[in-house]
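Read the structure below first, then the notes.
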Amino acid sequence: MTYSILFTSQAQKELDRLPENIRRRMIDAITGLQDDPLPPGHRKLHTPRNTYQRIRVGAYRIIYHIEHDRLIVIIVRSGHRKKVYRGLH
């Protein structure tokens, strides 16, 4: 099964602001979520709703939500590990 990838407007803006070399690596990791939304190394985040997953790309993180019934991965945030978790509910 192949999942569709959707971006929140915030996640798209954060991705667009990254340096080109980091952005390419992040896009490669995001593309990999289409075939395997729970790749080795993913982590479930302990947030109030417990609905987010994250993967690491060096010092950067991609935070996403999976809708298994609709085969959709929604990219919620992307950015440096120091800033990406701020304001995440």
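For region 30-53, the tally of residues that are under 19 Å from residue 3 (Cα atoms) and in contact with a His (Cβ under 7 Å, 6 or more places away or on another chain) stands at 3.
Any residue in region 10-21 that is part of a helix (DSSP H, G or I), out of contact with any Pro (no Cβ under 6 Å at 6 or more places or on another chain) and farther than 20 Å from residue 87 by Cβ?
The answer is yes; a qualifying residue exists.
Bear in mind these aren't lab numbers, they're just calculated from the coordinates by the rules spelled out. Here the structure is a predicted model, which is why all the values come from computation and not from measurement. We place every Cβ from the backbone using ideal geometry, glycine too, and count neighbours over all the protein chains shown.
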